[in-house]
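One structure is given here, and the rest of the page talks about it.
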Amino acid sequence: MPEGRVQRRLAAILAADVAGYSQLMGRDEVGTLDALKEIRAGLIDPNIAEHQGRIFKSTGDGILAEFPSVVNAVACAVAMQRAMPDHNADLSEDRKVQFRIGINLGDVIVEDNDLFGDGVNVAARLEGIAPVGGVMVSGTVRDHLGNRLDLQFDDNGEQILKNIERPVRAYAVRLEGPGANTTSPTSLSDKPSIALLPFVNMSDDRQQDYFADGITENVITGLSRFRDLFVIASNSTFAYKGKATKIQDASRELGARYILEGSVQRSKDRVRVTAQLIDGKTGRHLWAERYDRGIDDIFAVQDDVTERIIGSLATAHGGRLLKAWQERPELAGTRNFQALDYFVRGMEAIDRNTKEGNQRARELFLKAGELDPKFGKAFAKVAWTHMMDVVDGFSENPESSLADALRYANLAIERDDADAWGHYALAGHCLFCGQYEPAIAAFHRAFDLNPNDADILMDYGYCLSCAGRTSEGLDAAQKALRLNPRYPEWYVQQLGQIYYDSRQYHEAVTALRSLKTIDTVYRWLYLAASHAALGNMIEATEAVERIKQMDPSATIVSRTGPQMTPYKNPGDLEHLRENLRKAGLPE
């Protein structure tokens with residue numbers, strides 16, 4: 001149709017469909033159709049007519065309706081959802097008909113009493129991310145509605161909607177009142193909650209199901225070791241195997257905010273595994289990864305892929321789950337001061353590698369522990385803030401700081417002995433006190449509790465390097481980088497030291513020069529020593545000048561004591577001091 005003849009108008013569009021319609025039809029086809037007809041005739045159609053709307057398109061389980069104003073559209077949607085529990089009263093839980101509704105205000109194209117365009121498409125996409133029994137409206141609708149209806153809204157932030165060019169701000173209507181569904185799909189836990197749907201075997205060979213199921217089971221087991229996550233058990237998630245499931249339905253039914261799904265495809269000598277993390281409340285894809293491997297040992301491949309998925313999702317530094325939880329849309333404009341939110345903010349502060357950041361982190365970790373006395377991980381990080389005061393030269397009384405570190409490490413173990421981080425903190429304390437074998441033993445205890453934590457693995461590599469086992473330390477550090485592809489920069493800073501200890505000076509310089517957010521004396525000490533070892537005296541001198549700017553009283557003795565550079569072998573300590581002398585740092 002030529003552009004000049006296209007009829008357009010502004011319209012409020014309501015899109016509604018039945019949640020879990022395919023499953024309802026699978027259980028009772030005739031009964032579901034009869035119930036839906038009764039609800040349409042007794043509730044849906046009369047409400048739309050009462051609010052001056054008209055249905056311009058109808059499918060088996062859904063409708064699209066046009067209204068003259070957003071007030072009419074939202075009032076109609078709220079009335080429908082509030083009345084639905086009465087219409088479901090005589091139905092069993094697995095046969096109740098529940099709707100999702102999305103509403104948008106936008107420009108539409110009119111053709112033969114049908115409507116087309118983004119105004120319609122956005123409404124349909126908002127319906128797809130609405131909670132079961134809920135109403136989701138666009139920012140445009142919310143702005144036009146103002147205070148005309150006695151309703152409250154939850155700001156879900158900007159949403160990336162399928163096939164919609166620009167992000168759309170979405171608001172969930174709070175359906176307060178009799179029978180209102182005011183809970184979110186994931187209100188069962190105040191931790192990031194995740195369910196793993198069984199990985200799908202995309203291969204022709206059905207016998208490869210064991211490989212896909214094995215990855216699913218292993219990832220569930222690995223994630224369950226992270227005590228600050230709420231992981232749905234496999235006996236619940238495997239009920240979804242082989243079924244076409246809408247992510248929001250699975251999220252609601254399992255009580256999990258996040259859903260991990262994936263697939264496995266095997267050819268003759270290779271296997272491809274894909275995994276993707278989805279927000280069960282909004283349907284938004286948060287992370288996706290693909291792993292291609294040759295098959296020499298199928299079980300080794302299974303273990304490797306499992307470790308990488310867990311490392312990407314669950315580590316405190318850079319883990320996708322904690323990042324998603326911290327940035328969830330409903331926190332826009334405010335903070336949810338629960339224990340885990342304090343903890344995540346503490347991790348942000350400690351990563352600044354400054355005296356002020358370290359102090360702020362300690363305050364936040366202590367608040368987390370006050371809110372949740374069993375949150376062992378928070379007390380473990382308090383211990384680490386005291387150790388960082390010593391290592392970074394912030395402490396006026398290192399012995400007192402190390403005593404505080406030990407107290408909080410033991411408190412972490414006391415509060416939650418099954419969490420790896422208490423033993424991890426104890427390992428750090430032992431290392432900085434020159435107790436190398438107890439430190440390594442404590443690290444091993446932490447790995448017994450959680451072998452998939454890349455943060456622990458990176459510090460274990462540092463410990464091994466300080467203990468003179470540099471080759472093993474480098475292996476551990478490089479594995480940590482593989483397990484956590486979103487690793488924080490402190491990983492790289494420690495890797496720089498391990499390279500230096502291994503006499504790989506070029507690699508040390510490359511690592512330490514790559515840092516963008518970390519600017520510490522520790523970094524410049526090892527840069528100065530590495531350049532001096534390579535004979536790059538201009539660069540070594542410049543590094544020493546930077547050290548003096550940051551700490552005018554810095555000397556070799558003050559900056560390479562047993563607590564700041566806890567080397568077991570005197571030769572390793574002298575190796576550092578000798579090159580710092582060459583670089584020009586005062587004795």
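Only one entry of Q23, Q7 meets the criterion of being within 18 Å of P131 (Cβ to Cβ) and polar (S, T, N, Q), and that entry is Q23. Picking from residues in the stretch 514-549 that are charged (D, E, K, R) and more than 17 Å from D392 (Cβ to Cβ), the one that is surrounded by the most Cβ atoms within 10 Å (Cβ to Cβ) is E539. Here L406 fits the description: under 23 Å from P562 (Cα atoms) and surrounded by fewer than 22 Cβ atoms within 10 Å (Cβ to Cβ).
The condition (being more than 27 Å from R148 (Cβ to Cβ), of a type outside the set (G, A, S) and out of contact with any Cys (no Cβ under 9 Å at 6 or more places or on another chain)) is satisfied by just one residue among E66, E29: E29. Checking E50, E66 one by one, the residue that is crowded, with 18+ Cβ neighbours inside 10 Å and of a type in the set (D, E) is E66 and no other. A single entry from G434, G422 fulfils the requirement of being within 26 Å of the chain's Cα centre (by Cα) and either within 21 Å of M388 (Cα to Cα) or surrounded by 19 or more Cβ atoms within 10 Å (Cβ to Cβ) (or both): G422. Taking the condition under 15 Å from Q493 (Cβ atoms) and in contact with a Gly (Cβ under 9 Å, 6 or more places away or on another chain), does A528 pass? So A528 fits the description; yes. All told, G346 falls short of being more than 22 Å from the chain's Cα centre (by Cα), farther than 21 Å from Q435 by Cβ and of a type in the set (G, A, S). Among the residues of the stretch 232-252, just one is touching a strand residue (DSSP E or B) at 6+ places or on another chain (Cβ under 6 Å) and not in a helix (DSSP H, G or I), namely I232.
Only helices (runs of 4 or more DSSP H) whose full extent lies in the stretch 497-587 are considered here, and the ones with at least 1 residues that are within 33 Å of the chain's Cα centre (by Cα) are 505-513, 521-534. Filtered by the rule that a residue be of a type in the set (D, E, K, R) and either without any contact (Cβ under 8 Å) to a residue 12 or more places away in the chain or not in a strand (DSSP E or B) (or both), the stretch 253-295 gives E253, R257, K268, D269, K281, R284. Taking the criterion of being within 19 Å of the chain's Cα centre (by Cα), in a helix (DSSP H, G or I) and either closer than 18 Å to T517 by Cα or in contact (Cβ under 8 Å) with a residue 60 or more places away in the chain (or both), the residues of the stretch 349-387 that qualify are A349, I350, K377.
Can you list the helices (runs of 4 or more DSSP H) lying wholly within the stretch 409-491 that have 1 or more residues being hydroxyl-bearing (S, T, Y) and under 20 Å from R523 (Cα atoms)? If you could, list the steps in order and put the result at the bottom.
Working: elements: 420-432, 436-449, 454-466, 470-483.
Passing ranges, in order: 454-466, 470-483.
If you go through the stretch 128-153 and keep only what is in contact with a Lys or Arg (Cβ under 7 Å, 6 or more places away or on another chain), farther than 16 Å from G280 by Cα and touching a residue at least 40 places away in the same chain (Cβ under 8 Å), you end up with just L151.
Apart from one condition, L188 fits all of (1) hydrophobic (A, V, I, L, M, F, W, C); (2) at pLDDT 80 or above; (3) in contact with a Gly (Cβ under 9 Å, 6 or more places away or on another chain); the exception is (2). Scanning the stretch 87-113 for residues that are closer than 27 Å to D34 by Cα and either within 26 Å of the chain's Cα centre (by Cα) or at pLDDT 85 or above (or both) yields V97, Q98, F99, R100, I101, G102, I103. Does the stretch 388-401 hold any residues that are in contact with a Lys or Arg (Cβ under 9 Å, 6 or more places away or on another chain) and in a helix (DSSP H, G or I), and which are they? Within the stretch 388-401, just D389 meets the criteria. Selection of the stretch 454-488 for residues being under 21 Å from the mean Cα position of the chain (by Cα) and among the aliphatic types (A, V, I, L, M) yields A454, I456, L457, M458, A480, L481, L483.
Could you list, in sequence order, all residues of the stretch 89-134 that are surrounded by fewer than 16 Cβ atoms within 10 Å (Cβ to Cβ) and either touching a Ser or Thr at 6+ places or on another chain (Cβ under 8 Å) or not assigned by TED's automatic domain parsing to the domain that holds S58 (or both)? Break it down into steps so the answer makes sense when it comes.
Of the stretch 89-134, the ones surrounded by fewer than 16 Cβ atoms within 10 Å (Cβ to Cβ) are 89-95, 107, 111-114, 116.
Within the stretch 89-134, R95 is the sole residue that qualifies.
The values are calculated or read from the model by the stated rules, or taken from the named source; none is laboratory data. Note that the coordinates shown come from a computational prediction; the quantities given were computed from them, not determined experimentally. As a convention, Cβ positions derive from the backbone with ideal geometry for all residues, glycine included, and neighbour counts pool all protein chains shown.
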